[in-house]
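Here the structure is laid out as structure tokens; the discussion comes afterwards.
The values are calculated or read from the model by the stated rules, or taken from the named source; none is laboratory data. Note that the structure is predicted; figures quoted are calculated from it, not measured. Neighbour counts are summed over all protein chains in view; Cβ atoms, including those assigned to glycine, are modelled from backbone coordinates with ideal geometry.
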Amino acid sequence: MNGSIVRTIAVWAGVSCVASLTVLMPKRLTATDPVQVSAIAQPERARPVLAGEGFELSVRVAGQATDQPFAALKPGEPIRLELIAVSKASETIDVKPLVRLMSTSPVSRMSRTPSTPTEVYRTEPTITLAPGETRTLVVETNTVIPQDVQVTVALSQGSQEIWALGLATALR
Amino acid sequence: MLKLTGIVIGVVMSLVIVELATVRHAPVRPGRMISECDGALAEVVIQYVSDADAVLPVYREFLRQLPTDVTVHVMCPAQADYEELCTAIGETRCVLRSVLVGHEMTSWSRDRWIATASDDPNDPIMLAAPRSEAGASSWPARAGDEKLAFDLANSTNGAVVARRSDLFFDGGDLLADRDNVFVVAHALRKNLQRTVESRDELIAMLNRMTGKRVILLDESPEHHAGMFMMAAGERTMVVGDPSLAHEIWPRVMTELPGGPDFSDATQRRFDAVASQCRREGYRVVRIPTVPSTDGKTYLTYVNVITDHRTASAHIVYLPVYRGAEPLNEAAAQVWRDLGYEVRPIDCTSTYRFFGNLHCLVNVLRRT
């Protein structure tokens, strides 16, 4: 068998192998491929909602139009929030949610977990809603978020509490 | 003729390649979360970063006692970290295997993932990593922790696979025995209206993730499960009890930040866990535990690793603390009464960092 014969067979074998692999190879090549399996199937809910009797309540940083559950703040900037209350009732209702800011301080880099969140601000506003009305209430907390501190905005009504918004000064 | 021969050879080669790839990466059958208290330790995972001096005494005492048939996957940022650990540990009988990841990380393995295994020992172990790590946005090492389940999987040539859960949790929020998985109360708060609509939906998703019946605790201390409860097999749950420690506390010479928390409110949370376990048909055994007023620093004796070598040989690697000898002894007696051989592990250097032995060591496989 001379060299040209071997070369011809090798070239056609290579071409047909690549062509066959293109058709036959499963789309998911490796079960541990981070690109394939680290994807989150369900997106996080945009702007978590506290659903109460006849109303829905959510919160965002005042002036930030996005509905992301996390928001970045500048160090030293006081936290201003917007409470968005939506009536689902057929009559006028008063909503009295508890709004709390829970701060998690930096801990030693050796620590297993962040510190226990401590309450740094709370307010319990009354929001009166006509049937079907949507109202936005600005909450001036006058609370400043230092560098490397994370703050969670907790909304609660009765025994139901949600972590509605996360705030930090250094988002990736 | 030559072209046809080449084409046939090429097609055969492609079929062989596809077959090899398919066999190696067969779909993973659903598994069940690995129990804390069933079977002998076979593979465990620890993490180490240079200068994390506090964890070295714990690793040294624990790893030196592990038998020859245990493999320890040591996850480190780089070879230098691994070598530093090996030098500090000295000789071991167990097998150490380095997994070098090339990025920042912490030294706490427990919270990074939970492991599930099918009944077929040839199937890969499945790791479920949380949706994200708390604090990752401003804590680079924690951001690195988010990748570790996938780093581990990618180092095992298909023996371990990893996927990211839709849920927010720490691995330490879940604690499994043979039949059930207990989940801390605040797991609901982490997910409600963020990933799930309701408590029932969370339980259903946890059930799918763990392959076991899920018991979501109604009320529990604001910490990981392994800080206040531990499964001991045969439907027995060891639950922390601050009141038992309160009696002994005057004889203890150990400091806690802010002092011990023997308040009624804290006691009620521990008691609530015990009550719920009893309602689920568990025999509950209480053990002294000292939570501190910072809510995170515990002198705990349930943060253990158990090793059921045989049906009769049960070993517990038990955290102990210098200066707390009366507590250490009272706790050891509880485990001895349960039939365990107690092997103390000095965790004096780590408890101030909110975790101990169980928090540092994750279990990948039991046999």
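Going residue by residue through segment B:20-39, is there one that turns out to be at pLDDT 90 or above and part of a helix (DSSP H, G or I)? Before you say what the answer is, go through the steps one by one.
First, pick out the residues of segment B:20-39 that are at pLDDT 90 or above: B:31-39.
Subset that is part of a helix (DSSP H, G or I): none.
Within segment B:20-39, none of the residues are at pLDDT 90 or above and part of a helix (DSSP H, G or I).
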Notebook entry, point to check: Do you know which residues across segment B:158-184 are more than 10 Å from every other protein chain (Cβ to nearest Cβ), buried (at least 19 other Cβ atoms within 10 Å of the Cβ) and not in a strand (DSSP E or B)?
Noted result: B:169, B:171, B:173, B:177, B:184
Next item on the list: Can you tell me which residue among A:10, A:19 is modelled with pLDDT under 90, outside any loop (DSSP other than H, G, I, E, B), surrounded by 14 or more Cβ atoms within 10 Å (Cβ to Cβ) and of a type outside the set (S, T, N, Q)?
Entry: A:19
Notebook entry, point to check: With B:95, B:58 as the choices, which residue is in contact with a strand residue (DSSP E or B) (Cβ under 8 Å, 6 or more places away or on another chain) and surrounded by 21 or more Cβ atoms within 10 Å (Cβ to Cβ)?
Noted result: B:58
Next item on the list: Residue by residue through segment A:47-75, note down the ones that are of a type outside the set (A, V, I, L, M) and modelled with pLDDT under 80.
Entry: A:47, A:64, A:66, A:67, A:68, A:69, A:70, A:74, A:75
Note to self: With the requirement that a residue be touching a helix residue (DSSP H, G or I) at 6+ places or on another chain (Cβ under 8 Å) and within 14 Å of another protein chain (Cβ to nearest Cβ), what does segment B:288-329 give you?
What the structure shows: B:291, B:297, B:298, B:300, B:303, B:319
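Residue by residue, here is whether (1) away from every other protein chain (no Cβ under 14 Å); (2) in a loop (DSSP other than H, G, I, E, B); (3) crowded, with 18+ Cβ neighbours inside 10 Å holds:
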{"position": "A:110", "(1), (2), (3)": "no, yes, yes"}
{"position": "A:128", "(1), (2), (3)": "yes, no, no"}
{"position": "A:132", "(1), (2), (3)": "yes, yes, no"}
{"position": "A:162", "(1), (2), (3)": "no, no, yes"}
{"position": "A:166", "(1), (2), (3)": "no, no, yes"}
Check: Looking only at residues in segment A:134-159 that are of a type in the set (Ser, Thr, Tyr) and within 28 Å of residue B:296 (Cβ to Cβ), which one is farthest from the other protein chains (Cβ to nearest Cβ)?
Finding: A:141
Next item on the list: For segment B:214-249, name all the residues that are outside any helix (DSSP H, G or I) and within 17 Å of residue B:329 (Cα to Cα).
Entry: B:238, B:239, B:240, B:241
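Considering only segment B:94-114, how many residues are in contact with a helix residue (DSSP H, G or I) (Cβ under 8 Å, 6 or more places away or on another chain) and either without any contact (Cβ under 8 Å) to a residue 40 or more places away in the chain or assigned to a loop (DSSP other than H, G, I, E, B) (or both)?
Residues flagged as in contact with a helix residue (DSSP H, G or I) (Cβ under 8 Å, 6 or more places away or on another chain) and either without any contact (Cβ under 8 Å) to a residue 40 or more places away in the chain or assigned to a loop (DSSP other than H, G, I, E, B) (or both) within segment B:94-114 amount to 13.
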